[in-house]
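The values are calculated or read from the model by the stated rules, or taken from the named source; none is laboratory data. As the structure is a prediction and not an experimental result, all values here were calculated from the model. Methodologically, a virtual Cβ is constructed for each residue, glycine included, from the backbone with ideal geometry; neighbour enumeration extends over all protein chains shown. For accessibility, only protein heavy atoms count, side chains too; no ligands or nucleic acids. Shrake-Rupley method; radii C 1.70, N 1.55, O 1.52, S 1.80 Å.
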Amino acid sequence: MKEFSKHWKGSKSPRKQRKYRANAPLHLKHKMLSAHLSKELRQQYHTRSFPIRKGDTVVIMRGKFKGSEGKIEKVYTKQLRVTVDSAKITSKKGTKIPIKIRPSALLIKELNMSDKLREKGIQKYGKAR
């Protein structure tokens, strides 16, 4: 694995963009796991997007499961993917297999506010703007 550059400003090259995302540390990858907020949440918190967490209610905006609503089951920080309980396919054996979805294809309808630290972090957004 190549060393992560802290001085990377950006590039037009897709190869360098992929390298940056792949080699980023987990605290930065968590920020990359952001999804757009619904219009109501956007007005309430005065921000366009927010990092996804387990328990958030989302609507899938792209792909085979477009339009379906569900809760986030699991967050794969290293892979930059999440699974939603309403997005599952049936295997030949008949078992349900969850599909990993990019967070950019999701819209957050309701935030999971069970964590006090997250509540404090999102209140910061409302006061700053």
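A few notes on this one:
- Residue in region 38-47 that is touching a helix residue (DSSP H, G or I) at 6+ places or on another chain (Cβ under 8 Å) and of a type in the set (A, V, I, L, M) present: no
- Where helices (runs of 4 or more DSSP H) fall entirely within region 1-108, those with at least 1 residues that are in contact (Cβ under 8 Å) with a residue 24 or more places away in the chain and closer than 18 Å to GLY121 by Cα are at 26-32, 39-45.
- For region 18-36, the set of residues classified as open to solvent by less than 80 Å² (accessible area, probe 1.4 Å) and out of contact with any Leu (no Cβ under 8 Å at 6 or more places or on another chain) consists of TYR20, ALA22, ASN23, ALA24, PRO25, LEU28, HIS30, SER34, listed by residue number.
- Count of region 37-84 residues, restricted to those that are under 21 Å from GLN17 (Cα atoms), open to solvent by 40 Å² or more (accessible area, probe 1.4 Å) and of a type outside the set (Ser, Thr, Tyr), is 3.
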